[in-house]
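A quick write-up on the structure given underneath.
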Protein chains: 4
Amino acid sequence: MIKVGIINVTGYAGAELARLLYNHPEARLVSVSGRSAAGKPLAEVFPHLACYDLTVEPEIGDVDFAFSALPHAASADAVAPLVRAGVPVVDISADFRLKDPAEYAQWYGVEHPAPDLLPSAVYGLTELNREAVKGSKLIANPGCYPTGALLALAPAVKAGIIAPDVIIDSKSGISGAGRSLGLAYHFAEADGSVSAYALDGHRHLPEIVQELSLMWPKAEGPALPVQTVRVWPPEGKAQGGRPSVTFTPHLVPMTRGILSTCYAPLLPGALPPGEAAKEAVREVYRDFYQGEPFVRVVDAPPATKHTWGNNLCLVHPTVDVRTGRLVVVSAIDNLVKGAAGSAIQNMNVMLGLPETAGLDAPAVYP
Amino acid sequence: MIKVGIINVTGYAGAELARLLYNHPEARLVSVSGRSAAGKPLAEVFPHLACYDLTVEPEIGDVDFAFSALPHAASADAVAPLVRAGVPVVDISADFRLKDPAEYAQWYGVEHPAPDLLPSAVYGLTELNREAVKGSKLIANPGCYPTGALLALAPAVKAGIIAPDVIIDSKSGISGAGRSLGLAYHFAEADGSVSAYALDGHRHLPEIVQELSLMWPKAEGPALPVQTVRVWPPEGKAQGGRPSVTFTPHLVPMTRGILSTCYAPLLPGALPPGEAAKEAVREVYRDFYQGEPFVRVVDAPPATKHTWGNNLCLVHPTVDVRTGRLVVVSAIDNLVKGAAGSAIQNMNVMLGLPETAGLDAPAVYP
Amino acid sequence: MIKVGIINVTGYAGAELARLLYNHPEARLVSVSGRSAAGKPLAEVFPHLACYDLTVEPEIGDVDFAFSALPHAASADAVAPLVRAGVPVVDISADFRLKDPAEYAQWYGVEHPAPDLLPSAVYGLTELNREAVKGSKLIANPGCYPTGALLALAPAVKAGIIAPDVIIDSKSGISGAGRSLGLAYHFAEADGSVSAYALDGHRHLPEIVQELSLMWPKAEGPALPVQTVRVWPPEGKAQGGRPSVTFTPHLVPMTRGILSTCYAPLLPGALPPGEAAKEAVREVYRDFYQGEPFVRVVDAPPATKHTWGNNLCLVHPTVDVRTGRLVVVSAIDNLVKGAAGSAIQNMNVMLGLPETAGLDAPAVYP
Amino acid sequence: MIKVGIINVTGYAGAELARLLYNHPEARLVSVSGRSAAGKPLAEVFPHLACYDLTVEPEIGDVDFAFSALPHAASADAVAPLVRAGVPVVDISADFRLKDPAEYAQWYGVEHPAPDLLPSAVYGLTELNREAVKGSKLIANPGCYPTGALLALAPAVKAGIIAPDVIIDSKSGISGAGRSLGLAYHFAEADGSVSAYALDGHRHLPEIVQELSLMWPKAEGPALPVQTVRVWPPEGKAQGGRPSVTFTPHLVPMTRGILSTCYAPLLPGALPPGEAAKEAVREVYRDFYQGEPFVRVVDAPPATKHTWGNNLCLVHPTVDVRTGRLVVVSAIDNLVKGAAGSAIQNMNVMLGLPETAGLDAPAVYP
């Protein structure tokens, strides 16, 4: 049995790691840390984790594998010594996701605490990066929004059928905001209400743009150049060749789940005209995700509830034939495929375990 | 006092009309009809309307003014004789919204029951059509989604600052589906879940396209032609000069409210570059809606809860300066500004009453 | 117009006062105070109150009438000088509810700040105390739980049909906890969950017991003495002649509303045996509340949603004929009849205005 | 591997059985039936069960063990031939819960379809009846409300510390009403609302009374006789020696969970006086449930959310020392411990498997 530790078990991602690891056949949770709750039994902090006989410690003890669920900056600080000591780590924070420390500083407002580790960190969207994950000792676990958006868009991007002019409209349950208190997350304020936020730019935007850029086929021939699509500003110099992405997150009155509705113009001739385009695009997606245990291409628009508590991403691609637009809807549980589940999936791949170990359970529905 | 009747009071729009009329200073609800509940006291069907001493009748009686809250087709059948008898009517159904009876037949699956009345019917989005409403005897009350979307987009369209390439991503509370039963509206299925629906085309789409087309400035000079934006199909002939609109409705686990997030590319030079574009676009919107009692341009993204039970539309326009895209978020209560409230607003304008009569109450928050 | 001020408008009760006063025909809100938000426009703190052109002040200005929505202790401090200056006040806090300052100190953990005002304060459950409210300058507005429980029990208590052995099981929406932050009110924690709290004694218990004691018919003849019912402890000395009351509040995942299910054994011979008892008890209640504008005795179990946003208390009394127990279910909106609505009702009575002024609106349903 | 079938998989209890069986180490779901959905892939009826490659059949095939999740009466019809053919069955319907077919006919409105099987059926509240379950071929799986109420009350009843005068106030999530459509379960009606129902007597009442009667210690000495507690009707003859139980179910706006708050007067001298009674009663409960894998006696009031998706019953006993009343709060997931989970627990015991097989997973929280 692999001895596993969770750094900062007291947030929702940390607690979800503990929940999922409970039934992992080859890993055993032996140590959990957390600052505010240090010294308390885990069962007191989280009654649903009373199945564990663990106490929250100030620091995790001796482990074979570590997850960090600390906030950004604090996470890199905690993770760096472990990595340097040879302990493989999945970092759920944002610290190792952006390749460019300057971009990190710009979006997170602090200097990166361990820029020397960035080159060796692998962006752990397992389905798109499995080989790199295998050989890695430090995984940057993707953000919850990027996970849903990238899995929704990757097949179309890689197939070269859409122009780099993407809108991602995401609807998230409120656990995505974490366990910290805030007026917007007070039940009486959030219940019965939907709102958009971070219209000036959410921290997950650069992560989405970076990964889309990496996977976008380099324009060589007839593909529509970026500037044809982006009509403003006239110069179009700001994006530096990156796809033009508008990302709008919304807060929805539910506890778990992210639904991402993604839009992009189809390139001329990319798909057969008319209704046939719908089946054709579904075929592209089915081929792309064939054999993937945690991505399912579905024929009807998914509901986030179909993924409650499990590690699936449901993807429904279709075409708005009136406008020639690709529309893809993806659904995940933000705490599982969007955080703790994909972290364990990455651990499994890193350690050569069966990828589905500990993760093969149906969603809790209704 | 104007004697008012509600045809089909037993759905949510009908009941909401009754609720709002209770405090109308110049109108009195004297007659309500409904087929399934005929013969029952209104207080039995809706305990919250026990303030009325009315019985649900098979047909409404003698009234000075009528609202129809019947489903489509049935509504035109019921409304036609009233209109012909000279009784002014606001029809909440879709029957008189589309100008073209062929388009009606295509989307609603039946021949229009009273096509001769179509030319005299006025599309009652009051803010955009006030003068026509004033002189009308038959108002087609706008659909709930079109109301939020059109109020969000109209200032930008009329100012000529966006290309006719629009995405409307709407999130609706479940009362929008009406009071009829359906598995998707069962609490245990809808709670804790978000989903998209009608991806092949929602009935509110042709209504939105029709109204946007009517208000769109006719391209004469430097404005970007449609086909530059729409890249597929190559021919681009399908739309007949209409703006290209993708509309995706979503079901959200709340009872009331629609949030519409609208996207369109800004035309080159339409706004000052950079951050200044945000204030500039807000200025366009504030000017457009100056003096409007029921549209408020707000500086922060609105929450649907800020409109619970009242007739406001909150509009927050901004610019994604990274991509040159206009982003407008609007919030309404689908049963008030999206149905019963705007119907009363139209009645007020038709009859020369103060436009806010009976509608001037703050939202119920939280 | 009466010039009205709200002390501490920034909580839910304060904001609800402002909402309801907006349409009061004879009172005008001219001044609002609040410490944390002092200096901000009211519309910024509460977008739904943008209909007011008011700024939150550190202290309210010159008014004819004041409401205090401050927390306990702070409220008495703020209210005392106003009362002494002759300004009539309704205090929504708990400060003037308990007659005995020692009991206040025991339950609220502080010495009463103005015990000299206690004798002149009137407990403002209007339906039960209307004459005293009329002549008063200082109203202790009842707590939300006591309002629902006392209106549910009063007719039976005063009719002498139940033994003084009462259980009140209440289910409250989360706005009852106020606008302050707390983990239990975080959406992700409260959603999808019901729990009981304050099992060792909620602060509303002494208030309920005090008022029930005052209204309970003094045992003189055949009525069952208290000690026959209470079987433990054997001595039964702790209660000092007061009715034995167990009160259990619960938190329910909704924003507004309190449902109180109240149980008490019927006295022998109090009602006709068998099914007839049900109609008989309903008759007792209908007689008791005849003519009351804000209490409605209903024939079917009410839902809290039937009172959303309005000042009604719906009461459904029945008998469990298998066990000889009275069961009464009452429903209120905790922020209206349970706080701001009843406060305005009290103001109306104090000032000789029509009791329903500003309060006569149907609930917002669904 | 034991081959298992589910009769009527298309309701919530049936689907939950399939979900839980997916990870059972010694049982494999091989056959599912359902009338309306016959012929459809299970994955189409329930997207969260797409992990199964099963088609819904009109009748289940050849199995070693069967669960019936049919409605009452239909269930006995389907179960009887299986039982007679020697296939062990857990029946989730109410058909074999009441020992007396006359009582069944009275509450369910039909003659019992297989009264000859009643004597051999065992009431499967495993914790209270484990030995009988072991030897049985036909288990009547307890109702959801009785499960929470009986586990809350059993330790106190068997310890002889309470009088037989019990109130059970239960709050249920809406999945308890099943997947059938009904206006009360429409999201827009149920959301934001709490209500009581079945005040004239819920079908789970006779089940609760039957089981409490069976476990109640026969009064021999100083224990308070029933009639001293029940004060009405004077004769007290109706109950025939059974405990006096008032049971009030409530509908709460959440998908899963039942919280039961149970009240009963403590017998004189049953517990030490004052605050010490609280710890004493907790001790009684801890002893009673020592070693039970699925009942946890907790020191703080539980939330239903602490059991979401798992088979635990959390029990919090305490004493209202002001009134000498036992108050016990229990929380379960109505679809797991209240239906499918306890059914699998019973299967495990019947077949001599480890009792926790397939059921040992933490709740999904938040």
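The values are calculated or read from the model by the stated rules, or taken from the named source; none is laboratory data. From a predicted model like this one, the values you see are computed outputs, not experimental measurements. Note: ideal-geometry Cβ built from the backbone for every residue, glycine included; neighbour counts use all protein chains shown. What goes into the accessible areas is simple: the full protein's heavy atoms, side chains included, and nothing from ligands, DNA or RNA. Shrake-Rupley method; radii C 1.70, N 1.55, O 1.52, S 1.80 Å.
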* Asked: To the nearest whole number, what is the average tally of beta carbon atoms from other chains within 10 Å of the beta carbons of peptide C:296-306?
  -> 6
* Computed FRET efficiency, Cβ-Cβ of A:GLN290 and A:ASN23, R0 25 Å: what is it to the nearest 0.05? -> 0.35
* Asked: If you add up the charges near B:ASN348, with Lys and Arg at +1 and Asp and Glu at -1, over every other residue whose beta carbon is less than 12 angstrom from its beta carbon, what do you get?
  -> -1
* Karplus 3J(HN,Hα) series, Hz, for region B:50-67 with 6.51 cos²θ - 1.76 cosθ + 1.60 (x for Gly, Pro) -> 5, 5, 9, 9, 10, 10, 6, 9, x, 9, 6, x, 7, 9, 8, 7, 10, 10
* Asked: HN-Hα J couplings of region B:273-280 from phi, Karplus 6.51/-1.76/1.60, θ = phi - 60°, integer Hz, Gly and Pro as x?
  -> x, x, 4, 4, 4, 5, 5, 4
* Most mobile listed residue (A:SER68, A:SER170, A:SER213) in chain A, GNM with C-alpha springs under 10 Å -> A:SER213
* Structure fact -> For chain B, the Cα-Cα pair-distance distribution in 10 Å bins from 0, as whole percents, is 5, 24, 34, 25, 9, 3, 0
* To do: Using only alpha carbon pairs under 8 Å that are at least six residues apart, calculate the relative contact order of region D:51-152 and give it in whole percent.
  => 26
* To do: Please compute the net charge surrounding A:PRO115, taking Lys and Arg as +1 and Asp and Glu as -1 over other residues with Cβ under 15 Å from its Cβ.
  => -4
* What number, in percent, do you get for the relative contact order of chain A if the mean sequence gap of Cα pairs under 8 Å and at least 6 apart is divided by its residue count? -> 18
* Backbone HN-Hα couplings from phi across region D:142-156 [Karplus 6.51/-1.76/1.60, Hz, Gly and Pro as x] -> x, x, 5, 5, x, 4, x, 6, 5, 5, 6, 9, 3, x, 5
* To do: Could you please state, rounded to a whole Å, how far the C-alpha centre of region C:92-165 is from the C-alpha centre of region D:1-52?
  => 57
* Using only Cα atoms, what is the ratio of the radius of gyration of region D:2-75 to 2.2 N^0.38 Å? -> 0.97
* To do: Starting from the amide H of D:VAL245, placed 1.01 Å from N in the peptide plane, find each other amide H under 5 Å away whose residue is 5 or more places distant or on another chain.
  => D:VAL166
* Over all distinct Cα pairs, what is the inverse of the mean 1/r for region D:20-171, reported as the Kirkwood hydrodynamic radius in Å? -> 17.5
* lysines whose Cα lies under 17 Å from that of A:LYS158, excluding same-chain neighbours fewer than 8 positions away -> A:LYS218
* Place the label 7 angstrom along Cα→C-beta at D:GLY269 and in each other copy, then list the distances from the first to the rest in nm, shortest first. => 3.3, 9.9, 10.1
* Taking N as its residue count, the alpha carbon Rg of region B:237-366 over 2.2 N^0.38 Å -> 1.19
* Please label the shape of region C:292-348 as rounded, prolate or oblate, based on the square roots a ≥ b ≥ c of the eigenvalues of the alpha-carbon gyration tensor (a/c under 1.5 means rounded; beyond that, a/b larger than b/c means prolate, else oblate). => prolate
* **Peptide B:170-176, shielding by other chains (average Cβ, 10 Å cutoff)** => 5
* Low-density loop positions, GluC sites (Glu not before Pro), region C:237-302 - DSSP coil, at most 15 other Cβ in 10 Å -> C:GLU275
* Asked: Can you list, shortest first in nanometers, how far D:ASP64 lies from the same residue in the other copies, with each label 7 Å from Cα toward Cβ?
  -> 3.2, 8.0, 8.4
* Partners for D:LYS134 among aspartates and glutamates (Cα-Cα distance below 18 Å; same-chain residues under 8 apart left out) -> D:GLU26, D:ASP64, D:ASP91, D:GLU292, D:GLU355
* Can you put C:GLU211, B:GLU59 in order of accessible area, largest first, using a 1.4 Å probe? -> B:GLU59, C:GLU211
* To do: For chain C, give the magnitude of the charge dipole about the Cα centre (Cβ charges: +1 Lys/Arg, -1 Asp/Glu; no others), in debye to the nearest 20.
  => 360
* Structure fact -> Sorted shortest first, the nm distances from the C:ALA300 label point (7 Å along Cα→Cβ) to its counterparts in the other copies are 3.1, 4.0, 4.1
* **Cα centroid of region D:272-342 to Cα centroid of region B:253-289, whole Å** => 54
* Asked: Total accessible area buried between chains B and D, 1.4 Å probe, in Å² to the nearest 100?
  -> 1600
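Find the Rg to Rh ratio for region B:145-334, where Rh is the Kirkwood radius over alpha-carbon pairs and Rg uses the same atoms.
Rounded to two decimals, Rg over Rh is 0.98.
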* Asked: So what are the radius of gyration and Dmax for the Cα set of the protein assembly as shown, in Å?
  -> 32.4, 102
* Using a Gaussian network model of chain A whose springs link C-alpha atoms within less than 10 Å, name the residue from A:GLY143, A:GLY324, A:GLY338 with the highest mean-square fluctuation. => A:GLY324
* Structure fact -> Scoring only Lys, Arg, Asp and Glu (+1, +1, -1, -1) among other residues with Cβ under 15 Å from the Cβ of A:LEU70 yields -3
* Pull up the cross-link candidates among the aspartates and glutamates for D:LYS99, meaning alpha carbon to alpha carbon under 12 Å and not fewer than 8 places away within one chain. => D:ASP116, D:GLU207, D:GLU211
* Only residues of region B:1-31 count here: report those whose backbone N is under 20 Å from the spot 7 Å along Cα→Cβ of D:LEU183, or say none. => B:6-20, B:31
* Roughly how many Å² is the accessible area per residue of the protein assembly as shown, as a whole number, for a 1.4 Å probe? -> 31
* P(r) of region D:81-232 in 5 Å steps, Cα pairs, percent per bin? -> 1, 7, 15, 17, 18, 16, 12, 8, 4, 1, 0
* Take the cross-link list A:LYS3/A:LYS40; B:LYS305/D:LYS171; A:LYS278/B:LYS305 and give me the ones stretching past 29 Å between alpha-carbons. => A:LYS278/B:LYS305
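Quick check on the protein assembly as shown: helices-only [θ] at 222 nm, where DSSP H runs of length 4 and up contribute -39,500 (n - 2.57) each and the sum goes over total residues. Nearest 500, please.
-8000 deg cm²/dmol
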* **Rounded accessible area of B:GLU127 (nearest 10 Å², 1.4 Å probe)** => 20
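First compute the accessible area of region D:145-334 with a 1.4 Å probe, then give the percent of it belonging to carbon and sulfur atoms. Write out the running numbers ahead of the final one.
Values: 2980 of 5560 Å².
Exposed carbon and sulfur together represent 54 percent of the surface.
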* Asked: Under a 5 Å amide H to amide H cut-off, with H placed in plane at 1.01 Å, what residues pair with D:TYR123 once short-range neighbours are removed?
  -> D:ALA140
* To do: Nearest to the axis that maps chain C onto chain D: list the chain C residue whose Cβ wins, with the distance in whole angstrom.
  => C:ASP169, 2
* Asked: Just B:SER172, B:SER195, B:SER260 to compare: in a GNM of chain B, with alpha carbon springs under 10 Å, which one fluctuates most?
  -> B:SER195
